[in-house]
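Presented below is the structure to which this report refers.
The values are calculated or read from the model by the stated rules, or taken from the named source; none is laboratory data. All figures in this text were calculated on a predicted structure; none of them were measured in a lab. All Cβ positions, glycine included, derive from the backbone under ideal geometry; neighbour counts span all protein chains shown. Surface accessibility is based on the protein's heavy atoms, side chains included, excluding ligands, DNA and RNA. Shrake-Rupley method; radii C 1.70, N 1.55, O 1.52, S 1.80 Å.
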Amino acid sequence: MAKTSTTTQGLRAAIERSGYYPALVAEAVEAAVGGEPIRSYLVHQETTFDANEVRRHVTVLVLTGNRFIVSHTDEQAADDTSPTPYATTSTESVKLGRISSVVVSRVVANPESYTPGTLPREVVLTIGWGAVSRIDLEPAACGDPNCEADHGYTGNATADDLSLRVSEAGDGPETVRQALAFAQSLSEATADIAR
């Protein structure tokens, strides 16, 4: 999908609908996108509870012809460094060729009667590009229950740059649809780069 005023306006409207510092979020995202055509986007606002405080976080994902852009904005309460509440926004721009994995996990109710095209009740989108990896290690062992030798360690390295969860109950069916559409667009774009 080429950048049209409809795509740009849709992204801006989604940011405004999130209700979370829309001027700040839009400015950061638009600066990161620059003049590139927007192929797809996803805006996800999340509220968390931290002790006696409610905190909000918004993630904006944008796909252009050459890049994947991720923006995070968090609000912070007043603290020793700032007498007033403040927000922190960051953007990261990743070349599509660096994306190593796009994982879409779908949670469906009553899978025995699943009908193709039915909306999952939850979607988890995990995207890896090598900036953050998680290593899970555990002691290695052999099959001998009496063995006391040190067999070193075994483990897994997992790309874990971004994981975003949306649910029909918490975010609404339209956000679940948008997450699936964005994941498909990103998967197709990375497949095109690999060719």
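Here are some notes:
- Principal axes of region 61-126: Cα extent on each, largest first, Å: 56, 32, 16
- Using the Cβ of Ser71 as centre and a radius below 13 Å, the other residues enclosed give a net charge of -3, where K and R count +1 and D and E count -1.
- Accessible area per residue for the chain is 59 Å², calculated with a 1.4 Å probe on protein heavy atoms, without ligands, DNA or RNA.
- Chain lengthening between His151 and Gln9 when straightened (0.36 nm per residue, less Cα-Cα): 45.3 nm
- Only protein atoms count toward the accessible area here, which uses a 1.4 Å probe; on the chain, the carbon and sulfur part of that area reaches 49 percent.
- Note on the chain: Cα Rg divided by 2.2 N^0.38 Å, N the number of residues, gives 1.24.
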